[in-house]
Amino acid sequence: MKNTVFNIQSTEDFNTTALQVFKHQFANNKVYRSFCDLIYVHPSDIHTVEQIPFLPIQFFKTRDVLSSTDEIQETFTSSGTTGSTTSKHLVTDLSWYETSYLKGFEHFYGNIEDYVVLALLPNYLERKGSSLIYMVDDLIKRSKHSESGFYLNNLDQLAQKLTQLDSQGKKVLLIGVSFALLDLVEQYNFNLSNTIIMETGGMKGRRKELIRHELHAILSDGFGVNEIHSEYGMTELLSQGYSKGNGLFNCPPWMQILTRDPEDALTILPKEKSGGINVIDLANYNSCSFIATQDLGKVYDNNSFEIIGRFDNSDIRGCNLMVL
């Protein structure tokens, strides 16, 4: 199935594979099967991707969401706030994740070996179990450039390295959490021409939250670049969407975004309508590929999407079964 998932070439391929994955997970994932049973959905009822039930993401906080009986190779955890329950993603086969992020990056940006990868992810480095750190650490190793590496709080060294590499004409990817990138441009001014700036979102309580347009305007000005790139991923997924500017994300061929009605979680909305973000991530073959997130967004006719906010607990409707 891995070969099938990562060689999807068309919408028809995606839809056929998604229905196969749904049947597999209905049969092998106890948590997902129970959810489907509670809303009276059976594979015999499902004929299109839009009819597939999406598991509320909160189940990853309270249940072991697995479609495999193999041994757990890695447990990825969300950051969470102090005292809150964190999500855990049990991964039985890391090769699914590695294939997904490597092929996903190549799909949008080309060979990772062509880039010097600089990572400014202090809050992720300070804890264990981050799927983002796992991915970026592997990208750094595969970049084949000795200059690639992580930076915690040594902004002086990073600023010097960034300016030096860019002036040498090397292709650089600087990937960082929003608050750390803001710290960097507040202390230094750049005029970069060979560097991709990619933010992974999140102030994590370190700064006042900014709307995307405001954040990207500050970063664009500070780094001297026309566009700020973004990565859309989460602990519960094994695939990422990427934006090359304007906050519009695209998915690799094995991932798709749908929106659901905020007042009726089981109803999928047409394109161009704002709603809750549902993610189909076929790389999640061994856990659950159909996840209803707490993000709000909109999907466009070309299948690009944007994130426009998040639900708070009072906004969630039609998902009462998540507490069971």
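Annotations
- Computed E for LEU248/GLN9 - FRET, C-beta separation, R0 22 angstrom, nearest 0.05: 0.45
- Accessible surface ranking for ASP264, ASP295, 1.4 angstrom probe, highest first: ASP264, ASP295.
- Estimated inter-spin distance, ARG33 and ASP264, nm [label 7 Å along Cα→Cβ]: 3.0
- Considering only ASN284, ASN191, ASN29, the mean-square fluctuation computed in a Gaussian network model of the chain, springs between alpha carbons under 10 angstrom, is largest for ASN191.
- Maximal additional length on extending the LYS128-THR48 stretch stands at 24.9 nm, based on 0.36 nm per residue less the C-alpha distance.
- In this structure HIS47 has an accessible area near 130 Å², from a 1.4 Å probe over the protein heavy atoms.
- Fraction of antiparallel bridges per DSSP, the chain only, in percent to nearest 5: 60
- Of all aspartates and glutamates in the structure, the ones whose alpha carbon falls short of 17 Å from that of LYS244, not counting any fewer than 8 places away in one chain, are GLU106, GLU199, GLU214, ASP221, GLU227, GLU231, GLU306.
- In straight-distance terms, cross-link reach from LYS2 covers every one of the aspartates and glutamates whose alpha-carbon lies under 13 Å from its own, apart from those fewer than eight places away in the same chain; here that gives ASP93, GLU98, ASP281.
- Kirkwood Rh in Å, taken over all unlike Cα pairs in region 157-276: 16.1
- Of all accessible heavy-atom area on the chain, the percent that carbon and sulfur account for (1.4 Å): 45
- If you sort HIS42, HIS213, HIS89 by accessible surface, 1.4 Å probe, largest first, the order is HIS213, HIS42, HIS89.
- Subtracting the Cα-Cα distance of ILE72 and ASN189 from their residue separation scaled by 0.36 nm leaves 37.6 nm.
- Here ASP13 sits with roughly 60 square angstrom of accessible surface, probe radius 1.4 Å.
- Descending principal axes extents, the chain, alpha-carbon based, whole Å: 60, 40, 40
- Of the DSSP H helices in the chain, not one has a Cα length along its own long axis of 27 Å or more together with a mean Kyte-Doolittle hydropathy reaching 0.5.
- Isotropically averaged projected area of region 96-232, using the convex hull of Cα atoms (one quarter of hull area), nm²: 7.9
- Of the two radii for region 67-118, the radius of gyration is 1.11 times the Kirkwood radius, both from the alpha carbons; that is the Rg over Rh value.
- Candidate lysines for bridging to LYS128, where Cα separation is under 20 Å - those fewer than 8 sequence places away on the same chain excluded: LYS61, LYS88, LYS141, LYS204
- Compared with the alpha-carbon gap, the fully stretched path from GLN157 to ALA217 is longer by 19.2 nm at 0.36 nm per residue.
The values are calculated or read from the model by the stated rules, or taken from the named source; none is laboratory data. Since the structure is predicted, the reported quantities are computational estimates derived from the model, not experimental observations. Every residue, glycine among them, receives a Cβ derived from its backbone with ideal geometry; neighbour counts consider all protein chains shown. Note: areas computed on protein heavy atoms with side chains; ligands, DNA, RNA excluded. Shrake-Rupley method; radii C 1.70, N 1.55, O 1.52, S 1.80 Å.
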